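A short write-up of the structure that comes next.
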Amino acid sequence: MKTTKISSKLLNLIKQSSSFLIVGHINPEGDSIGSSLALALGLKKLGKKDICVLSKDPVPENLKFLPWARTIKRRRPAREFDVVVLVDCNSMERTGFETFRARKTAIIDHHVLPAETAKSPFYTSLSAGIIDPGAAAAGLLVFKVLKALKVELDKTIATNLYAAILIDTGGFRYSNSSPESLKTACHLVEAGASPWNISKEIFENIPFRGLKLLGLTLATLERKDGIAWITTTEDMFRETGTTSEDCEEFVDFPRKVKGAEVAIFFRQAGENVYKLSLRSKGKVNVRKIAKSFGGGGHDAAAGCKVTGSLKEVQNKVLKVARKALKETK
Ligand code: 5GP
Ligand code: MN
């Protein structure tokens with residue numbers, strides 16, 4: 001079993017600091033929110049008093065049940081912190097903020113570090129961190145950090161960490177549902193996380209309007225050459241009274257198509273802008289496809305923004321995806 005080494009530099013930094021700004025990524029999901037909150041709650045248990053969890057974008061409706069989710073701030077506090085910890089992301093850009101007032105910077109993340117970020121002053125001045133793309137979720141890394149700090153898990157921490165792992169393993173279905181993910185989930189359930197209550201809140205809780213939007217979106221389903229895709233337009237959002245938050249899981253549907261190796265979700269995000277979610281069933285590295293459009297993510301789940309009319313965007317992206325698929329044959 002592969003295990004991440006928890007940097008002693010990070011543990012010392014945490015031990016020696018007293019104020020913490022914890023920041024996840026834009027468009028946050030369960031791993032970003034759950035890991036950030038679990039870290040905050042764990043640090044509180046260590047006696048740290050000044051902790052602020054920050055998220056540029058609001059907490060999605062179906063994650064508001066997470067313990068302490070309501071304490072998450074959208075605006076940066078004016079005061080300076082000892083440490084800012086980036087969780088589930090590894091660049092300023094992904095946090096959605098330009099700067100933070102903090103003496104030290106740390107990262108706890110499981111995304112591949114882009115070469116440009118590794119060279120940036122932000123990264124070279126980093127005080128400590130763990131970046132392990134082999135970890136199924138940032139939540140697994142936070143779990144290990146808390147364990148190394150000898151924090152005793154309670155129901156609030158366990159619930160947040162379980163939600164983080166549940167989301168990033170697709171409900172323990174993806175290839176990252178490793179012995180480590182499952183064993184950690186077992187510890188979390190023993191510590192008080194309730195699998196059904198958490199799954200119910202996250203998966204069985206779609207607003208009616210969201211399913212209406214899914215209906216309109218599924219009507220756009222197309223497939224060609226092992227690629228399946230769907231599109232949500234701004235007109236559809238208007239018609240159903242929904243927002244981008246209502247299509248968080250839509251990309252799962254083209255991935256379900258038999259014979260599809262690559263799934264793409266095109267979400268209109270402005271007059272001539274589309275936010276893409278890409279998924280692979282294993283053969284194609286969709287992070288590389290997303291990277292060629294300035295995005296990133298994981299080998300099997302990635303995203304990017306592409307400008308142009310819908311037709312232009314689809315032509316550009318499908319061409320790259322087709323090429324990537326051909327190269328696997
Ligand atoms: P999603 O498709 O669910 O928005 O994102 C899938 C994965 O790709 C996530 O790990 C997310 O962090 C990453 N991702 C999504 N959009 C972008 C983007 O524009 N830039 C980068 N670097 N990563 C992204
Ligand atoms: Mn994650």
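Can you name the residue in the stretch 91-105 that is in contact with a strand residue (DSSP E or B) (Cβ under 6 Å, 6 or more places away or on another chain) and either closer than 9 Å to Val23 by Cβ or not assigned by TED's automatic domain parsing to the domain that holds Ala128 (or both) and is also nearest to ligand 1 (Cβ to nearest atom) among such residues?
Per the criteria, the residue is Thr95.
So Leu126 clears everything in (1) open to solvent by 30 Å² or more (accessible area, probe 1.4 Å); (2) closer than 23 Å to Asn285 by Cα except one condition, right? Which one?
Unmet for Leu126, out of (1) open to solvent by 30 Å² or more (accessible area, probe 1.4 Å); (2) closer than 23 Å to Asn285 by Cα: (2).
Quick one: Arg209 ticks every box in (1) of a type in the set (Lys, Arg); (2) in contact with a helix residue (DSSP H, G or I) (Cβ under 6 Å, 6 or more places away or on another chain); (3) loosely packed, with under 13 Cβ neighbours inside 10 Å except a single one, so which number is it?
Going through the list (1) of a type in the set (Lys, Arg); (2) in contact with a helix residue (DSSP H, G or I) (Cβ under 6 Å, 6 or more places away or on another chain); (3) loosely packed, with under 13 Cβ neighbours inside 10 Å, Arg209 breaks only (3).
Name every residue in the stretch 182-193 that is surrounded by 15 or more Cβ atoms within 10 Å (Cβ to Cβ) and part of a loop (DSSP other than H, G, I, E, B), in order of residue number.
Ala191, Ala193
Hey, can you tell me all the residues within the stretch 141-181 that are in a helix (DSSP H, G or I), within 16 Å of ligand 1 (Cβ to nearest atom) and surrounded by fewer than 20 Cβ atoms within 10 Å (Cβ to Cβ)?
The answer is none; no residue qualifies.
Within the stretch 61-82, is even one residue exposed (fewer than 14 other Cβ atoms within 10 Å of the Cβ), within 16 Å of ligand 1 (Cβ to nearest atom) and in a loop (DSSP other than H, G, I, E, B)?
Among the residues of the stretch 61-82, not one is exposed (fewer than 14 other Cβ atoms within 10 Å of the Cβ), within 16 Å of ligand 1 (Cβ to nearest atom) and in a loop (DSSP other than H, G, I, E, B), which makes the answer no.
Please find, within the stretch 100-123, the residue that is surrounded by the most Cβ atoms within 10 Å (Cβ to Cβ) out of those that are away from ligand 2 (no atom under 15 Å from the Cβ) and of a type in the set (Val, Ile, Thr).
Of everything passing the filter in the stretch 100-123, Thr105 is surrounded by the most Cβ atoms within 10 Å (Cβ to Cβ).
Which residue out of Ile26, Ile51, Ile6 is open to solvent by less than 50 Å² (accessible area, probe 1.4 Å) and not in a loop (DSSP other than H, G, I, E, B)?
Answer to the selection: Ile51.
Would you check which residues across the stretch 167-222 are closer than 30 Å to Thr240 by Cα and basic (Lys, Arg) and list them?
Within the stretch 167-222, Lys200, Arg209, Lys212 qualify.
Restrict the check to the stretch 265-285 and report whether at least one residue is open to solvent by less than 20 Å² (accessible area, probe 1.4 Å), under 21 Å from Ile206 (Cβ atoms) and in the same structural domain as Gly308 (by TED's automatic domain parsing).
yes
Going residue by residue through the stretch 116-123, is there one that turns out to be among the basic types (Lys, Arg), out of contact with any Leu (no Cβ under 7 Å at 6 or more places or on another chain), outside any strand (DSSP E or B) and more than 26 Å from Phe81 (Cα to Cα)?
No, that holds for no residue.
If only one of Leu46, Leu39, Leu11 is more than 26 Å from Gly297 (Cα to Cα) and either open to solvent by less than 40 Å² (accessible area, probe 1.4 Å) or touching a Phe, Trp or Tyr at 6+ places or on another chain (Cβ under 9 Å) (or both), which one is it? Before you say what the answer is, go through the steps one by one.
Numbers: Leu46 fails: either open to solvent by less than 40 Å² (accessible area, probe 1.4 Å) or touching a Phe, Trp or Tyr at 6+ places or on another chain (Cβ under 9 Å) (or both); Leu39 fails: more than 26 Å from Gly297 (Cα to Cα).
Going through Leu46, Leu39, Leu11 in turn, just one is more than 26 Å from Gly297 (Cα to Cα) and either open to solvent by less than 40 Å² (accessible area, probe 1.4 Å) or touching a Phe, Trp or Tyr at 6+ places or on another chain (Cβ under 9 Å) (or both): Leu11.
Return the only residue of Glu222, Glu261, Glu234, Glu312 being out of contact with any strand residue (DSSP E or B) (no Cβ under 8 Å at 6 or more places or on another chain) and of a type outside the set (Val, Ile, Thr). Working first, answer last.
Values: Glu222 fails: out of contact with any strand residue (DSSP E or B) (no Cβ under 8 Å at 6 or more places or on another chain); Glu261 fails: out of contact with any strand residue (DSSP E or B) (no Cβ under 8 Å at 6 or more places or on another chain); Glu234 fails: out of contact with any strand residue (DSSP E or B) (no Cβ under 8 Å at 6 or more places or on another chain).
The match here is Glu312.
The values are calculated or read from the model by the stated rules, or taken from the named source; none is laboratory data. All values reported here derive from a predicted model rather than from experimental measurement. Virtual Cβ from ideal backbone geometry, glycine too; neighbours counted across all protein chains shown. The accessibility values were calculated without ligands, DNA or RNA, using every heavy atom of the protein model including side chains. Shrake-Rupley method; radii C 1.70, N 1.55, O 1.52, S 1.80 Å.
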